[in-house]
1. Would you please give the FRET efficiency between D111 and E90, computed as 1/(1 + (r/R0)^6) with r the Cβ-Cβ distance and R0 = 25 Å, to the nearest 0.05?
2. Say R0 is 30 Å: what FRET efficiency, to the nearest 0.05, do D199 and A138 get from their beta-carbon distance?
3. K134: which lysines have alpha carbons under 23 Å from its alpha carbon, excluding same-chain residues fewer than 8 sequence positions away?
4. Using a cut-off of 21 Å between alpha-carbon atoms, which lysines can reach K7, once sequence neighbours fewer than 8 places away in the same chain are excluded?
5. Taking the range 124-188 on its own, what percent of its Cα-Cα pair distances exceed 15 Å?
6. Dividing the Cα convex hull volume of the range 2-52 by residue count, how many Å³ per residue is that?
7. Under the rule of at least 5 residues apart or a separate chain, name every residue whose amide H is placed under 5 Å from the amide H of V188.
Amino acid sequence: MAERNTKARIKQIGLNLFRERGFEDVTINEICEASGVNKHTFYYYFKSKDDLLDDFHEMNYDINTEYFMQILNAENFVEQLWFSYKPFFEHLNHSGTEIARQLFIKNLNRDVGTFRIDERRDASLKLQQDIIEKAQEAGEMRNSSDPKMLLSLMHQSLMSTAFAWVMSGGKFQFDEAARAEMEVLLDVKPALRKAEHVDLDAIWRDWEHNRKNMREMHRHCHPPRRETPKGE
């Protein structure tokens, strides 16, 4: 029990420091000092700072009993689809933009499956596809395209907006932007639309503010090569 508590404390303190000051600006020494442990103890539990993020590598798409009940009790099919994405939004909001940025960096360097659609999501995808089909039949979603294709486009849209949210440092409400995009993409019946006015174009125009984040991400994905001295 003591070991588990120590590991959890180190991890939580490290994540809090990352969120407050940025991943690159936090050292292992500072994590150890804040956690009340020495470096030997840190390395007993974790290989590196990056190892603290392992629990975040797999994006949570699972629809547990609580979410499933919300879906069943939703007032219409549009809300059912929206609730089916709730685990995804909660995972990103819990991560925060700094940790989410590290997830993008990690997957650009080496695909660890964070943003991949694969067989692990089959049950969720089947549920979402069924909801879209029923919504189309009921006239709640007026885009009559293939539900499977619409789900793929929804996924791409969410990943793109998540990237913009990370690069902006959280300057806009991610779930609000995602709701607006969903309503436009699926051509949701006007009476069922709930998204506030979101200037989606502005999200992609404010890149001057984001240049620092872009440079940091590029530096992590393309570290400078060490020149080999002659004779080595």
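1. 0.60
2. Numbers: r = 30 Å, r/R0 = 1.01.
After rounding to 0.05, the efficiency reads 0.50.
3. Straight-distance partners of K134: K86, K126, K148, K189, K194.
4. Excluding near neighbours in sequence, the set is K39, K47, K49.
5. Details: 1101 of 2080 pairs.
Summing the P(r) tail past 15 Å for the range 124-188 gives 53 percent.
6. Numbers: hull volume 3.1 nm³, N = 51.
Roughly 61 Å³ of hull volume per residue.
7. Here R142 satisfy the definition.
Every number in this text was worked out from the coordinates using simple rules, so none of it is lab data. None of these values were measured; they are calculated from a predicted model. Ideal geometry is used to build each Cβ from the backbone, glycine not excepted, and the neighbour counts take in all protein chains shown.
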